[in-house]
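Notes follow the structure.
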């Protein structure tokens, strides 16, 4: 079963230089298609100048995919709709209407309700992140460990750890793993 992903930059029309967003989105799409190549079902593309669309063959990969997408573009905020076995546009429309950052659809009424309630708890944590915190998260993701991440930013390891703690990096990583395990269990149960 595929998971389609539809993401839109929140407030893109209000950015100081909206045209500067297009190359950044293009780079994010290239990275997503490369990093998730084994599970990309429909390559990620930039649409209408401020949207990213694509799909992956393993719904359990969606939490990590969305986190990587956010990290590529931060501090610019993304709103994301995910459709499991269906179009993500309806999920995105709900996310936009309810002013939330992510919405899942297609798992089943009870499962959708539970998963979306869980994701709503993470919204304020993601919205509060600063540019420096996003920078630390990106460095952690690309460098793999705190020492190399801190060196790449030219800061002390403790400063990096402080930024990651303030960004609730561990909490979001655990949440992504929980959602991934939930989606994998549901897929397994439905086989």
Relative contact order for the stretch 128-189: what percent, with Cα pairs under 8 Å and sequence separation of 6 or more? 30 percent
Hypothetical label at residue 162: residues of the stretch 99-135 whose amide nitrogen lies under 20 Å (7 Å Cα-Cβ projection): 128-135
Using the count of nearby Cβ atoms within 10 Å as a rough guide to exposure, how do 176, 145 rank from fewest to most? 145, 176
tail above 17 Å in the computed P(r) of the stretch 104-190, as % of all Cα-Cα pairs, reads 54 percent
How far is helix 157-166 tilted, in degrees, relative to the longest principal axis of the Cα atoms in the chain, given as a value from 0 to 90 rounded to the nearest 10? 40 degrees
Would you list the P(r) distribution for the stretch 71-115, with all Cα-Cα distances sorted into 10 Å bins from 0 and each bin expressed as a whole %? 30, 49, 19, 2
Most exposed first, judged by fewest Cβ atoms within 10 angstrom, 164, 78, 121 run 121, 164, 78
Quick one: helix 169-190 against the long Cα principal axis of the chain, what's the angle to the nearest 10°, folded into 0 to 90? 20 degrees
Ellipsoid semi-axes in whole angstrom, largest first, where each is sqrt(5λ) of the Cα gyration tensor of the chain: 26, 20, 16
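Values in this text are rule-based calculations from the coordinates and carry no lab data. Note that the coordinates shown come from a computational prediction; the quantities given were computed from them, not determined experimentally. Reconstructed Cβ throughout: ideal geometry from the backbone, glycine too, with neighbour counts over all protein chains shown.
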